[in-house]
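No value in this document is a laboratory result; all are computed from the given coordinates. Since the model is a prediction, treat every value here as computed from it, not as a measurement. With ideal geometry, Cβ positions are generated from the backbone for all residues, glycine too; neighbour counts draw on all protein chains shown.
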Amino acid sequence: MKKIYVRWQLIVYDILIFIATEFFLLYLYRGNEALTPLEALIQGAISLACIFTARFIGSIYRQLWRYGGVQCYIRLLIVDTIAFIANWIIQSVLPVAEVTFARLLSIACVYLLASLSIRMMYRYAYNYRNSRTAYGKFLGFLLHIFAGADVEHEIKEDAKKIKIAIIGAGHIGVSLAEELINAKNSPYSPRCFIDVRNDKVNRQILGLPVFLESEATLEYLKSHDIVEVLFALPNLDEENKQRLYKYYTHAGYKVKVYDYPFMNASSEKRQIREFDIEELLFRKPIVIHDEKTTAYYKNKVILITGGGGSIGSELCRQLARMQPKMIIILDIYENGAYDVQQELNILYKKSVDIRIEIASITNKRAMDRLFATYRPNIVINAAAHKHVPLMEHNCIEAVENNVFGTKNLVELCEKYSTDRFMMVSTDKAVNPTNVMGATKRMCEIIVKNASVNGTVKYSATRFGNVLGSAGSVIPLFKRQIASGGPITITDKRIIRYFMTIPEAAELVLESGALANNGELFVLDMGEPVKILDLAENMIRLSGAFDVEIIETGLRPGEKLYEELLVKTEELDKTENSLIFVERDTPISDDDLADRLDSLRAACESGDDEAVRAALMKAVPTFKTPEEVNATAEEAEEMKRGQKEVKV
């Protein structure tokens, strides 16, 4: 009913304007044409019929002019032009008092100008109705008088919306503001722009003021009841994004991002969203895949051990896009493997051959049957015990699974003439201070030795902590925030290198395709991140600003920093500028056999401490965390990690 009311109300206004126009230009201003009142009335009736017939056919009165854009005004112009032509033809044919073409055109133009003017004034008043100035209140009063209760209801509804400031007064920011202003059901109401360009400052766009970033004081935002700040700068560099994020979140504002379509190729829909956890790294995502990588895995039978885990499942997802002949998902945990299989079957409609095998890589007999059945071309070993504190108390299991499981796979690759073996390693293998890192370093030694003495092509790939993977700090922090806190951090000085799950999987696949034989690949992961900063950003992201952060003390095997992976003076470059090869020297067969025998004997003893001691001898770079942490403040990594971003 409200739409009908507004439509007919506008018709009444248009009729009144038409009568006024005809009266002044046809009756009062006679010129050389003297029309009687009856003749003027007939002429006006014909014009009125032509104009409003055309407007009804052209759906002019079905439009919501408060949200009208240029297209609405162009439509009115076209419709009234057609009405004028029809009016001129009819008056030329009918036996009525003739009016010159010039006078008819003048009447049509003046009436069209008046019609456009009242619509523009209506939209202008609607956009400025919430201004706290006397002018804004006056416009609100006029709307109430001339537009009625419908607009008054709209004003009240708009007052309930989330008031936002938009960072970026460029094309993207302006498009966003216009979309929000015109969208009746939008939950957001733009109040101002914040920009860095002086040519836009102290001006208005869409009726919204533009402030220079340095002048957009918190007092102004507070006085205008701003609740959220939206980033609408797709090309903003990561340093400035981090600075602005900290500035506004520290001030208590919720910060969101406007994803314009070209920013996210996987989504064609524009959206206002929260910051993703991955974006808290404040660096551009590393995209590594190229055509060579895709071509390498095409039509291959690929075995992924640990395929149901965080990294393994992502490897499956990315490989499925490369048209492999078959993907074999091997895992000891059936639920994870099953979930990945179902996900890929739904996504690819079973066009990709996905097989599930449930077994442990430590079970060589089961592994032998699997190799004999599928004869894989490529084996990617992502199966491992990786939780540092747990492995400190389960040394035997860590060695048996990580070290001897890898040894089993290497031997079976040789037996069944696999083309390539790729091992997933970790930055914790660099000068390890814990059992998990030491076992991974031992795996690298095994793979390097096999590359010299075997027929299969081998490679290993190191990367840092993976955001959001099982057992990482992100899921823990999320649970702690959801329960009201506190967030627990072992030590507020801790720094780590981070990457996303897709980045980690891409690194493994790209480096595997690059490998010739025996390479130990590492990735340039950028700057280290303080875990404390990550926790604080997650708290701000959640809006739960009262969550406390407490220290609990370093856990067994934990050190304050991970070694810098990319030390260019010690690495060789590859064709990819982000991937390097560490110069790793293989050990002899006899030396490897002695180390493995020592580890096997320690495991058979059932004594975790004996295994730890054997691992210390097998991996000469294995040190105690106390030894490393004592001099941590002098490490280059710690100095880089302690750098604060100025706000």
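Computed on the range 161-275, with alpha-carbon pairs under 8 angstrom and 6+ residues apart, the relative contact order is 24 percent. Residues of the range 477-517 with an amide N closer than 15 Å to a point placed 7 Å from the Cα of D290 along the Cα-to-Cβ direction: 507, 509-516. Report, in listed order, any pair from K246/K492; K300/K440; K292/K457; K256/K386 with a Cα-Cα distance greater than 24 Å. As for pairs spanning more than 24 Å Cα to Cα, those are K300/K440; K256/K386.
Gain on full extension, evaluated as 0.36 nm per residue between I42 and N299 minus their Cα-Cα distance, stands at 84.3 nm.
Segment L218..D546, full-extension length gain: 116.0 nm, with 0.36 nm per residue of separation and the alpha-carbon distance subtracted. Segment E274..T621, full-extension length gain: 120.6 nm, with 0.36 nm per residue of separation and the alpha-carbon distance subtracted.
Placing a pseudo-label 7 Å from each Cα along the Cα-to-Cβ vector at H393 and R203 gives an inter-label distance of 6.5 nm. As a calculated quantity, the FRET efficiency between N363 and Q323 at R0 = 35 Å, using C-beta atoms, amounts to about 0.65. Take the convex hull of the alpha carbons in the range 379-428; its mean projected area over all directions comes to 3.5 nm². If I take all pairs of Cα atoms in the range 161-275, what percentage of them are more than 25 Å from each other? The calculated P(r) of the range 161-275 puts 14 percent of pairs beyond 25 Å.
If contacts are Cα pairs under 8 angstrom and at least 6 residues apart, what is the relative contact order of the range 372-460 in percent? Walk me through the numbers on the way to the answer.
Working: 123 pairs, mean separation 30.3, N = 89.
Here the relative contact order equals 34 percent.
The calculated FRET efficiency for L77 paired with A97, based on their beta-carbon distance and R0 = 25 Å, is about 0.30.
Per-residue Cβ neighbour counts within 10 Å put I304, I272, I162 in the sequence I162, I272, I304, beginning with the fewest.
Rounded to the nearest 0.05, what FRET efficiency do E239 and S605 have when you use their Cβ-Cβ distance and R0 = 60 Å? After rounding, the FRET efficiency stands at 0.65.
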